[in-house]
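Comments concern the structure below.
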Amino acid sequence: MNIHEYQAKELLAKYGIGIPAGHAALTVEEAVEGAKKLPGPLYVVKAQIHAGGRGKGKFKELGPDAKGGVRLAKSIEEVEASAKEMLGNTLVTIQTGDEGKQVNRLYVTDGVDIAQEYYLSMLVDRATGRVAMIVSTEGGMDIEEVAHSTPEKITTITIDPAQGFMPHHGRAAAFALELTGDLGKQCQKLTKQLYTAFMDLDCEMLEINPLVETDDGQLLVLDTKMSFDGNALFRHKDVEALRDVTEEDPAEVEASEYDLAYIKLDGNIGCMVNGAGLAMATMDIIKLNGAFPANFLDVGGGATTEKVTAAFKIILKDPAVEGILVNIFGGIMKCDVIANGIVQAAKDVNLSVPLVVRLEGTNVQQGKDILENSGLPIVSADDLGDAARKIVAEVKKAA
């Protein structure tokens, strides 16, 4: 789960981490009132979307010469003008894709006199089973280019969670960032605070870009992104409450309400499978046969007829879907339950695309009988390879 910048900063502030003063706003009026509470005379107006590259982004509705999603304002009037331009418009960045994201929230912060910018992030390194702390002296909007062109300027420090954060980790970060004296001590303290927050909150990623050194010698978090392990949110109801569903794919939001694991992809063959590994194999074999999956969808091991019906409807809401492959291996999940869900959903939505179903396992014959007696044009498959070949052929035939 992702959250907005202002929400992430509020969480980090609870760990004693320095952030510039700021106020979130849903309206132009709130942005102006927030700015009036800041000392000024320099303000920063930031679009709040779940994507990076906001500063270099462009608004679809504005001209090519318009400013991006992070703007400096030298007066309250400039704050108001920027808020009017940004709210309700679509910001396109390198991370949003061409469709962009609509800006529904702003964050107005106090301006900072910056002496130097740095990069610092923490994430889960699955290859080592440790937390990777990544730092660079080249902070700012072009960190991706730094990673591509001058990777030697990026340092990775691994932290064993069984041992925890040790003083030498903080010293290594300060050395990599070329921070000495008081700034070095601040860096050591900051990295420990960030690691504590990362572990306490079950983060998947915590990125600070930039971490800045101010003209008066302070380290401040100027921008940050945080994402969390969705499987651990039951431990963090306060974090879960920060979820902004308007930033997520509506189909994925609907799927989460039914406890379905759904991710939209760019293909044309809808998939409904039980089990993540089987779902991955199903997507692979679809591509092997010359087509592309339109989604990943795992209905889980204990789905009900209602859950299967909901999954089927979610797949069919994608206009790119030209055919559906259902691949179920019934263990805990019974094939007759799946079959009833498929029949019910197909009737509810007036199925108009080819449907191939492969069932195997518990109550498989009952499931096949339900499909055969449904009166619907459902194509049965004997195994996964047969199913993939049939759905690709059916889609080509229907085209």
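Just so you know, all these numbers are worked out from the coordinates, no wet-lab data involved. The structure presented is a predicted model; accordingly, all values stated were derived computationally and were not measured. Glycine gets a Cβ as well: all are built from the backbone with ideal geometry, and neighbour counts include every protein chain shown.
Using only side-chain charges placed at the Cβ, +1 for Lys and Arg and -1 for Asp and Glu, the dipole size of region 21-110 relative to its Cα centre rounds to 280 debye.
Neighbouring Cβ atoms within 10 Å as the yardstick, rank PHE292, PHE329 fewest first.
Fewest-to-most ranking of PHE292, PHE329: PHE292, PHE329.
May I ask what percent, to the nearest 5, of DSSP beta bridges between residues of the chain are antiparallel? Provide the component values of the computation, followed by the final result.
Values: 51 of 68 bridges.
Looking only at bridges with both residues in the chain, the antiparallel portion is about 75 percent.
What size of dipole, in debye to the nearest 20, comes out for region 92-185 about its Cα centre when the only charges are +1 on Lys and Arg C-beta atoms and -1 on Asp and Glu C-beta atoms?
Values: 7 positive and 14 negative charges, 96 e Å.
Using only the charged Cβ atoms, the result is roughly 460 debye.
So how far, in whole Å, is the C-alpha centre of region 120-142 from the one of region 228-256? Distance between centres, Cα-based: 24 Å. Taking the helices alone, the chain has a mean residue ellipticity at 222 nm of -10500 deg cm²/dmol, built from -39,500 (n - 2.57) per DSSP H run of at least 4 residues and averaged over all its residues.
Across region 250-398, the convex hull enclosing all Cα atoms gives 90 Å³ per residue. Centre-to-centre separation between the Cα atoms of region 363-399 and those of region 1-51: 53 Å. The lysine pair tally for region 53-168, using Cα distances under 22 Å and a gap of 8 or more places or different chains, is 14. The count of lysine pairs in region 250-398 that are at least 8 places apart or cross chains, and whose C-alpha atoms lie under 20 Å apart, stands at 17.
Along the axis of the charge dipole computed for the chain (Cβ charges of +1 for Lys and Arg, -1 for Asp and Glu, origin at the Cα centre), the listed residues GLN186, LEU233, THR282 are led at the positive end by THR282. Using C-alpha pairs below 8 Å separated by at least 6 residues, the relative contact order for the chain is 12 percent.
Annotation for LYS67 and GLN365: the two label points, set 7 Å from Cα along the Cα-Cβ direction, are 7.4 nm apart. This model, with +1 at the C-beta of Lys and Arg and -1 at the C-beta of Asp and Glu, gives the chain a dipole about its Cα centre of some 400 debye. Multiplying each eigenvalue of the alpha-carbon gyration tensor of region 114-240 by 5 and taking the square root yields semi-axes of 24, 16, 16 Å, largest first, rounded to whole angstroms.
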